[in-house]
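Following: one structure in structure tokens, then a few remarks.
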């Protein structure tokens, strides 16, 4: 083993980090796809029956829930930027969020973040505020997700048929409130401390009001994604409403695991995680269908939202150009209305 240590160090120094990251991504994605394919193969007949019996009106509602979650993400980004001291309109924030969200289907989270930074800077926000906002966004997403999982744990115990130790439900609910609830205060104080130590200069003070509102919006976002997964289940079989808190927690946990994975968009990691988590409450075949359809609806909602935002922006730009042209022609046709003519 000792003789190969020099070779290993040489290879680690020579191989680009990007290549290593790509290699790890390919390995994790391959394993995840293989696991998902095996699960589908073992439950092929049940999965086929579920897909044939889909209630498309319920699937449509699930799609609208995912789309609403996507658009609320734009509102969340506006609030985070506002908390960091930037002033961006809601429409601009939604455009930035939706377009950058669609860019992740190119090269993954790298292109999504690069697109978000570029579009936000184009809107007039300095880069240091964008970077601070991305950090705040990450903290709020992770902590709100952890809080939501803790809150849903006591309500999920009955669905999973597991017994919780005495006082555990109360402790879980309290932690579920305290963990995300403390974040706006801690973030605001952290930014203030950074200003005093000058390493965040000239960053503005973080607005606690905007941070609290952003926390509520991201919790709403998690809930919509969980509701969408529950509606997918309701489209293939009878679904007990008591399972809804568990579905919200399962989707939240799966998305966070996907974010922590090395694969683009959490592909494979999120889907396998969601399937295995849901399989504790519903049959594995149904869990596989829910995970796959949830992924499909997410992709369609991302692309649809980006397309709508681009079309709206193009139409608005064209109308503005047309109005400017009309105003220019009116000014040329009526020279007396110009300031110079009025002075005469």
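The values are calculated or read from the model by the stated rules, or taken from the named source; none is laboratory data. Since the structure is predicted, the reported quantities are computational estimates derived from the model, not experimental observations. Positions of Cβ are backbone-derived with ideal geometry, glycine not excepted, and every protein chain shown enters the neighbour counts.
Annotations
- Test: residue in segment 278-298 that is more than 29 Å from residue 99 (Cβ to Cβ) and free of Cβ contacts under 8 Å to residues at least 40 places away in the same chain: yes
- Restricting 3, 46 to residues that are at pLDDT 65 or above and over 26 Å from the mean Cα position of the chain (by Cα) narrows the list to 46.
- Remark: pairs (first residue in segment 226-243, without any contact (Cβ under 8 Å) to a residue 40 or more places away in the chain; second residue buried (at least 23 other Cβ atoms within 10 Å of the Cβ) and in a helix (DSSP H, G or I); Cβ separation under 6 Å; 6+ apart in sequence or on different chains) = 226/247; 226/248; 226/251; 230/247; 239/233.
- Restricting segment 267-277 to residues that are in contact (Cβ under 8 Å) with a residue 60 or more places away in the chain and assigned to a helix (DSSP H, G or I), the residue that is farthest from residue 52 (Cα to Cα) is 269.
- Unique match (being surrounded by fewer than 22 Cβ atoms within 10 Å (Cβ to Cβ), part of a helix (DSSP H, G or I), over 16 Å from the mean Cα position of the chain (by Cα) and at pLDDT 90 or above) among 307, 303, 293: 307
- First in segment 164-191 and in a helix (DSSP H, G or I), second anywhere and loosely packed, with under 13 Cβ neighbours inside 10 Å, Cβ under 6 Å, 6 or more apart: none
- The residues listed here are 251, 216; of these, the one that is part of a helix (DSSP H, G or I), within 19 Å of the chain's Cα centre (by Cα) and surrounded by fewer than 19 Cβ atoms within 10 Å (Cβ to Cβ) is 216.
- Set side by side, the residues 133, 144 differ, and just one is at pLDDT 90 or above, surrounded by 16 or more Cβ atoms within 10 Å (Cβ to Cβ) and either touching a strand residue (DSSP E or B) at 6+ places or on another chain (Cβ under 6 Å) or more than 19 Å from residue 245 (Cβ to Cβ) (or both), which is 133.
- Residue satisfying all of: in segment 79-113; out of contact with any helix residue (DSSP H, G or I) (no Cβ under 6 Å at 6 or more places or on another chain) and at pLDDT 85 or above; surrounded by the most Cβ atoms within 10 Å (Cβ to Cβ) among these: 92
- Of all residue pairs spaced 6 or more apart or on separate chains, those with beta-carbon atoms under 7 Å, a first member in segment 84-105 that is in contact (Cβ under 8 Å) with a residue 40 or more places away in the chain and a second member that is outside any helix (DSSP H, G or I) and crowded, with 22+ Cβ neighbours inside 10 Å are 84/206.
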